[in-house]
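Notes follow the structure.
Read-outs: derived from the displayed coordinates by stated rules, not from any lab. Keep in mind that this is a model prediction, so the values were computed, not measured. Virtual Cβ from ideal backbone geometry, glycine too; neighbours counted across all protein chains shown.
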Amino acid sequence: MRLKGKVALVTGAARGIGRGIAMRFAEEGARVGILDLQAAACEAVVAEVRAAGGEAIALAADISQAAQVNPALAMLRERFGAIDVLVNNAAVMPAGAIHATSLDDFDRCLAVNLRGTFLVSRGVIPGMLALGNGSIIHIASVTGLLGLPGIAAYSMTKGALIALTRAMSTDYAARGIRVNSVSPGTIDSPMLHDFLAAQSDPDSLRQEFDRMHPIGRVGTISEVANVCLFLASDEASFVTGANYTVDGGISVKGEQPQD
Ligand SMILES: NC(=O)c1ccc[n+]([C@@H]2O[C@H](COP(=O)([O-])OP(=O)(O)OC[C@H]3O[C@@H](n4cnc5c(N)ncnc54)[C@H](O)[C@@H]3O)[C@@H](O)[C@H]2O)c1
């Protein structure tokens, strides 16, 4: 019960990593806001949390729209009270190098991954300042640290989230709000499955992803959720401004010798 008594908001929590973080937080006693574009899928996650004995509320909203974010935050506060923990997890990942990325895809990527993070954080922070306490976690990516081909706009936003972590941690460290980011490597998730399904040879690419990570496999959703749990909890009370890689060692690997 490492989050007992806390209220947490997880964006993009209807599936994948966000759903895993929300379920893990609920297991540890948090009351959780499940925010996502997909209303029915939010309700399904809430039902799963309740079936496991936890408490959650579905918040259907597009984080890129201020007019949808603010009512969702108000609904969460009205139901569970002040928000202690925010996980900015929702994101979209258009594929393509810059010359092959449409303006619409680029704008949507920045609107969700950055504007959305800004809008939700801006809505939550005044309440955390009033409490004098809070933990904010941005889900970034190793693509914000490394050059990986074919996902330029997405990588741009993930690098920005790591910079934002440093800026926000500096603004709020003395006022009780810790701000950290988590940068996963490749994680076995619906986003990965969608990406692989669009490729010509998904099976060999999946094996390549396993091989790229020095640990020898891609990561699991619970391996990301467990690091978020630590950062959300009071166990991380002296941790702020950090970017935790959860990447099987990919971000520190040098050139591998050929067999
Ligand atoms: N899966 C990976 O390998 C991987 C690796 C590194 C980082 N990440 C990051 O982890 C996070 C979660 O990834 P995932 O694999 O679970 O992705 P996913 O696509 O499975 O889930 C993303 C969720 O965000 C929601 N969402 C998208 N746009 C939204 C919006 N405008 N408003 C509200 N909700 C919205 C979607 O409906 C979906 O439920 C993302 O930030 C992603 O960039 C994932």
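In summary, the aspartates and glutamates within cross-link reach of Lys158, defined as a Cα separation below 16 angstrom excluding same-chain residues under 8 places away, comprise Asp105, Asp107, Asp247. Taking the Cα centre of the chain as the origin and placing charges on Cβ (Lys, Arg +1; Asp, Glu -1), which of Val112, Val46, Ala8 is farthest toward the positive end of the dipole? Of the listed residues, the answer is Ala8. The label-point distance for Val239 and Ser204, in a model that sets each label 7 Å from Cα toward Cβ, rounds to 4.0 nm. Computed from Cα atoms alone, the Kirkwood hydrodynamic radius reported for the range 46-119 is 14.4 Å.
Put a dot 7 Å past the Cα of Arg115, heading toward its Cβ, do the same for Glu255, and the two dots end up 4.4 nm apart. In this simple spin-label model, placing a label point 7 Å from the Cα along the Cα-to-Cβ direction at both Gln38 and Asp104 gives a separation of 2.1 nm.
Around the Cα centre of the range 4-133, unit charges on the Cβ atoms of Lys, Arg, Asp and Glu (plus for the first two, minus for the last two) sum to a dipole of about 320 debye.
Using the rule -39500 (n - 2.57) for each DSSP H run of four or more residues, divided by the residues of the chain, the 222 nm mean residue ellipticity is -14000 deg cm²/dmol. Among Val227, Val142, Val85, the residue with the largest mean-square fluctuation in a Gaussian network model of the chain, with springs joining Cα atoms closer than 10 Å, is Val227. Net charge dipole, the range 107-250: roughly 540 debye, given to the nearest 20, about the Cα centre with Cβ charges of +1 for Lys and Arg and -1 for Asp and Glu. Dipole magnitude for the chain: about 820 debye, using +1 per Lys or Arg Cβ and -1 per Asp or Glu Cβ, origin at the Cα centre.
Looking at the range 219-253, the chymotrypsin sites (Phe, Trp or Tyr not before Pro) that sit in a DSSP loop and have at most 10 other Cβ atoms within 10 Å of their own Cβ are Phe238. Both numbers refer to the Cα atoms of the chain; Rg and Dmax are 17.8, 60 Å.
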